[in-house]
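Coordinate-derived values only; no laboratory data. None of the values given here were measured: they were computed from a predicted structure. Counting neighbours? That spans all protein chains shown, and the Cβs are built from the backbone with ideal geometry, glycine included.
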Amino acid sequence: MSLRVAAALESRGFDVDLTVAAGETVAVMGPNGAGKSTLLDVVAGVLRADEGTVTLAGQELAGPHTWVPAHRRRVALLSQDPLLFPHLSVRDNVAFAPRAAGSGRRSAREAAYSWLERLGVRELAGRRPHQISGGQAQRVALARALAAEPTLLLLDEPMAALDVDVVRELRPLLREVTAARSTVLVTHDPLDALLMADQVVILEGGRVVEQGQVHDVLTRPRSTFAARVAGLNLLRGTWRGDRLVLADGAEVFGGSQGCVEGAAAVAVFAPRAVSVFASAPGGSPRNEFAVVLSEVESRGDVVRLHAGDLAADVTPRAVTQLGLEPGAAVVFSVKAAEIAIHPA
């Protein structure tokens, strides 16, 4: 039941080639405007691409001479807004999906009760949407999506509008129902990807800039967004000899693996690995970056310093001693042993 999307939409700068294997959950991440919702709309049949194809389980859903309407694609789309029908009971909201697919009234209601039971909200069957909480409404919306027996499940940040406690309850449930079902999950939360997905895809500017196993992408990021999600610093450059040379000519030393002479590479290191000085401390093997602080952010027992795309974690005492505040010129220093350099 694999999905293959190879589609482009010029007006949105969207050009994506993506495959989801049968039974696989792929998390799609990226900054606002990266094309995540466009991807889901193209797959669901809400939006028609200028060119390319969408194929699901061997059937072409969209192509130069093919267009299968949304209601016939066996694709279910669940967003952060449950979009329940306000005039229908919870039971009838869920039964709507199999009824729309051609099931009889009795079998549709049986399917509704079955999914409501599985999702732990059967007792809400007789209520209307305005009589249930946001977390309960999202469970009902998920039950409705699954009651349609979709070949593919599309989840567009389904937990973004929910309270933290509700998310803790809903995440394991989503993981369970997507375990053996082809699923595309759009999310901003790296924990969703870590706990629910087999693969992660990073979109930037309507293009796939990185994809792979979740652990690999978040521990060895090759894109700025993935590094930011993983809480890491990332510097781009070209591998020359035994070092990474940045665009401004600065050199970065660190442990490398698989780098090719003259090829693009990235240096990755954690904010906690950065030491901050009022002036260059010198010594070897250290990497030093003269920066100007743009933001000082409290994070519990540490303070995160931002300087453009770089970040450092220091103690509150260091902030006081060094007079660290936005606009201060300082030096970020990182030992070579703390930096991993790998192909971009």
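Per-structure values
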{"quantity": "Expected-Rg normalisation [2.2 N^0.38 Å, Cα atoms] applied to the range 233-343", "calculated": "1.08"}
{"quantity": "Label-point separation in nm, Arg106 to Ala161, each point 7 Å along Cα→Cβ", "calculated": "3.7"}
{"quantity": "For the chain, with +1 on Lys and Arg beta carbons and -1 on Asp and Glu, the positive-most of Thr219, Ser37, Val334 along the dipole", "calculated": "Ser37"}
{"quantity": "Burial order of peptide ranges 100-113, 203-216 (average beta-carbon count within 10 Å, highest first)", "calculated": "203-216, 100-113"}
{"quantity": "For the range 233-308 and the range 66-86, distance of Cα centres in Å", "calculated": "45"}
{"quantity": "Residue-averaged 222 nm ellipticity for the chain, from DSSP H runs of 4+ at -39500 (n - 2.57), nearest 500", "calculated": "-7500 deg cm²/dmol"}
{"quantity": "Simple Cβ-charge dipole of the range 233-343, Lys/Arg +1 and Asp/Glu -1, about Cα centre, in debye nearest 20", "calculated": "180"}
{"quantity": "Contour excess over end-to-end distance, with Cα ends at Asp198 and Ala336 and 0.36 nm allotted per residue", "calculated": "46.5 nm"}
{"quantity": "³J(HN,Hα) computed for each position of the range 28-38 - Karplus, 6.51 cos²θ - 1.76 cosθ + 1.60, integer Hz, glycine/proline x", "calculated": "10, 10, x, x, 4, x, 6, x, 5, 5, 4"}
{"quantity": "The range 3-219, dipole about Cα centre (Lys/Arg Cβ +1, Asp/Glu Cβ -1), debye to the nearest 20", "calculated": "1200"}
{"quantity": "Rounded FRET efficiency, nearest 0.05, which uses the C-beta distance separating Ala6 from Glu261 and R0 of 35 Å", "calculated": "0.60"}
{"quantity": "Cα convex hull of the range 3-219, projected area averaged across orientations, nm²", "calculated": "11.8"}
{"quantity": "Added length on full extension, which subtracts the Cα-Cα distance from 0.36 nm per residue, Asp242 to Asp301", "calculated": "17.6 nm"}
